[in-house]
């Protein structure tokens, strides 16, 4: 049952987001669609728990350009008002291309890279001190591994041995100018994380069953952990899939817009 | 000056936070490998509320903001040039943009760390920090001011930068009180004639007072001095006070670009003759000790006196 829910949500939310990108004629679709299935499992799989329509657990979208992937989910969960989503691109709305902590359900302001693990560590540390049962998922991109602050934060996270922080590292093998390997090789990421003392696993980013299993496993690990999710940039849209240029939205014709939605339907039928 | 005892601003500040932290378990103190005698007490007695973050100011600020988002009151402590500039983007994106309850203790402003050279001088922190929106910036000119600023920060729940000197100093003659901190400035000297106003902050203000003392009574009865405790937001009431003066001098231990002189210029709405006395817009490499470095870089008592005399007539 749950897996058909995931699949339906994956289709519906992709469609909503694609229509919004088309309306706004801007945004970062490649990065949003690469991490969307992970978000769906986190929110609809019960990994982000809710109380009185408010999240108990936090999702820190360190790759801030993908925050808009959270908006339709938060709308669906009645955390963001429908009118904010509907108005966005037409009238006044609190929603922005990059998230900020004034938007319901969005814990931190992000946009510049390399902040998420530091934020998550601070949140995790103080909530543990307060004996609050809260989990913090921070989603980072491989591009953020170029930021020194990411490694500073990993050092502290490992030292504090926080069991409530999970890093989700979206590896879609594309940064703005191409493949990281061809730009500046990041080397063996898993080994690097493990060498810092972070329990690290990796899996496919678009297989709901695997994602759910991995999150269940990780939740039992009582130390800082990381799930490397190997994703496809622009997943769900042929014009974007695994293409570096899909980082930014490119104008498309009405026909191409319709065709892309048909292709999407075909993929999820 | 009050000659009872020289004290360190940072110790006076930390003592206040220490006593508050004993009662309030939400207060945390983070250090990027930077110490102080008063901090030893904190580290020893309040181990659970102190964290050594390693020498990484960027992460210290992100971490502090994460804690603050969960309800902590966080003090972040490091050497001024690094806490102000190394993590300036963290201050923007994390502290200020998220309105985090984080107080950064920017310690060792100006040429405090003479003779370490330009890497350790904090001669542009005011220009950089005041360009950030949504923050409060305080500067302490003596130990008692540092102590009262500390008390004030305990009542605030937004981004605050406190600029402290490195050296031990005496309290200035004019005793500071909490009302001064609340309004953001204090008169160190008020004259009947109000011909010229000197605005300064930090320990460099000591030189302005000496310069004034050396001048004749004729000057003294017409010159006022204000210690600008709160550089940002610029005290509203002070804008009106500035209107009363046709001649204004600023004295600041920062480079000429974007410092106190620029700040005052931005807040003047009338025609006034303005003179900014500051460090030159260059890197300082000489090894003369702080006092001599100030002397040869435009902030000697003689230069200040000369400029006061020049603008006065």
Checklist entry - If you scan the range B:82-115, which residues turn out to be over 19 Å from residue B:138 (Cβ atoms) and in contact (Cβ under 8 Å) with a residue 60 or more places away in the chain? => result B:111, B:114, B:115
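Within 14 Å of chain B (Cβ to nearest Cβ), assigned to a loop (DSSP other than H, G, I, E, B) and crowded, with 19+ Cβ neighbours inside 10 Å, is that true of residue A:80? Don't jump to the end; show me each part of the working.
Values: within 14 Å of chain B (Cβ to nearest Cβ): no; assigned to a loop (DSSP other than H, G, I, E, B): yes; crowded, with 19+ Cβ neighbours inside 10 Å: yes.
So residue A:80 does not fit the description; no.
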Next on the checklist: Scan the range A:115-122 and tell me whether some residue there is assigned to a loop (DSSP other than H, G, I, E, B) and either at pLDDT 95 or above or buried (at least 24 other Cβ atoms within 10 Å of the Cβ) (or both).
Outcome noted: yes
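Name the one entry in B:273, B:247, B:243, B:282 that is touching a strand residue (DSSP E or B) at 6+ places or on another chain (Cβ under 7 Å), surrounded by fewer than 14 Cβ atoms within 10 Å (Cβ to Cβ) and at negative phi. Give the steps one after another, and end with the answer.
On the way: B:247 fails: surrounded by fewer than 14 Cβ atoms within 10 Å (Cβ to Cβ); B:243 fails: touching a strand residue (DSSP E or B) at 6+ places or on another chain (Cβ under 7 Å); B:282 fails: touching a strand residue (DSSP E or B) at 6+ places or on another chain (Cβ under 7 Å).
Result of the check over B:273, B:247, B:243, B:282: B:273.
Out of the range A:93-108, which residues are touching a helix residue (DSSP H, G or I) at 6+ places or on another chain (Cβ under 9 Å) and within 14 Å of chain B (Cβ to nearest Cβ)? Step through it out loud before you land on a result.
First pass over the range A:93-108, keeping only residues touching a helix residue (DSSP H, G or I) at 6+ places or on another chain (Cβ under 9 Å): A:93-101, A:103-108.
Once the filter is applied, which keeps residues that are touching a helix residue (DSSP H, G or I) at 6+ places or on another chain (Cβ under 9 Å) and within 14 Å of chain B (Cβ to nearest Cβ), the range A:93-108 yields A:96, A:98, A:99, A:100, A:101, A:103, A:105, A:106, A:107, A:108.
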Checklist outcome for this item: For the range A:109-138 the number of residues that are in contact (Cβ under 8 Å) with a residue 60 or more places away in the chain and facing another protein chain (nearest Cβ under 8 Å) is 2
Checklist outcome for this item: Within the range A:212-256, the count of residues that are touching a helix residue (DSSP H, G or I) at 6+ places or on another chain (Cβ under 7 Å), part of a helix (DSSP H, G or I) and at pLDDT below 95 comes to 2
Item to check | Residue, nearest to the other protein chains (Cβ to nearest Cβ), within the range B:44-61, restricted to residues that are surrounded by fewer than 17 Cβ atoms within 10 Å (Cβ to Cβ) and out of contact with any helix residue (DSSP H, G or I) (no Cβ under 7 Å at 6 or more places or on another chain) | outcome: B:48
Checklist entry - Across the range A:148-184, what is the number of residues that are assigned to a loop (DSSP other than H, G, I, E, B) and modelled with pLDDT of 95 or more? => result 4
Next on the checklist: Can you find a residue that is touching a helix residue (DSSP H, G or I) at 6+ places or on another chain (Cβ under 7 Å) and within 14 Å of chain A (Cβ to nearest Cβ) anywhere in the range B:103-115?
Outcome noted: no
Item to check | Hits in the range B:62-101 (condition: within 21 Å of the chain's Cα centre (by Cα), facing chain A (nearest Cβ under 10 Å), closer than 11 Å to residue B:159 by Cα and surrounded by 24 or more Cβ atoms within 10 Å (Cβ to Cβ)) | outcome: B:74, B:100
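What about residue A:66, is it assigned to a helix (DSSP H, G or I), more than 8 Å from chain B (Cβ to nearest Cβ) and modelled with pLDDT of 95 or more? First the steps, then the outcome.
Working: assigned to a helix (DSSP H, G or I): yes; more than 8 Å from chain B (Cβ to nearest Cβ): yes; modelled with pLDDT of 95 or more: yes.
Yes, satisfied.
The values are calculated or read from the model by the stated rules, or taken from the named source; none is laboratory data. What you see is a predicted model; the values in this text were computed from it and never measured. Backbone-built Cβ (ideal geometry, glycine too); neighbour counts: all protein chains shown.
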